[in-house]
1. Leaving ligands, DNA and RNA out of it, report the carbon-plus-sulfur percent of the accessible area of segment 14-68 at a 1.4 Å probe.
2. Once the Cα atoms of helix 44-59 and of the chain are each reduced to a long axis, what angle between those two axes, in degrees from 0 to 90 to the nearest 10, is obtained?
3. At a probe size of 1.4 Å, how large is the accessible area of Thr11, to the nearest 10 Å²?
4. Of the listed peptides 41-49, 29-37, what is their order by residue-averaged count of other C-beta atoms within 10 Å, with the highest listed first?
5. Any idea which of Gln49, Leu67, Leu22 is furthest toward the positive side of the dipole for the chain, if Lys and Arg beta-carbons carry +1 and Asp and Glu beta-carbons -1?
6. Can you tell me the relative contact order of the chain? Whole percent, Cα pairs under 8 Å, sequence separation 6 or more.
7. So what is the accessible area of the chain per residue, in Å², with the probe set to 1.4 Å?
8. Excluding residues fewer than 8 places away in the same chain, name every one of the lysines whose C-alpha is closer than 20 Å to that of Lys40.
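The values are calculated or read from the model by the stated rules, or taken from the named source; none is laboratory data. Small disclaimer: the values here were computed from a predicted structure and weren't measured. So basically every Cβ, Gly included, is an ideal-geometry build from the backbone, and we count neighbours across all protein chains shown. Keep in mind that these areas ignore ligands, DNA and RNA; they rest on the heavy atoms of the full protein, side chains included. Shrake-Rupley method; radii C 1.70, N 1.55, O 1.52, S 1.80 Å.
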Amino acid sequence: MVYPSCYNCVTIPKEVLDRLGLKTGDSLELEIESGGIKTKPVDEDLFRQLEAAHYFMDKYKVAVKKLAE
């Protein structure tokens, strides 16, 4: 994924952003495909849910491990 920051920015022409319904600051998922790059918008709700799940699993490692047994 590419996150909007000064460190790893991707510049996309405004005409392309408008055509795809994207705006400045949107996150994109990148895939290398047939020698090119395929992009698609990141589902922000899913992204936030995954971040919360990772936080929970990291914070409660022991409990998650016990539940998995």
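1. Values: 2880 of 4940 Å².
Result for segment 14-68: 58 percent of the exposed heavy-atom area is carbon or sulfur.
2. 30
3. Thr11 exposes around 130 Å² with every protein chain in place.
4. 41-49, 29-37
5. Leu67
6. 22
7. Normalised by residue count, the accessible surface of the chain is 91 Å².
8. Lys14, Lys23
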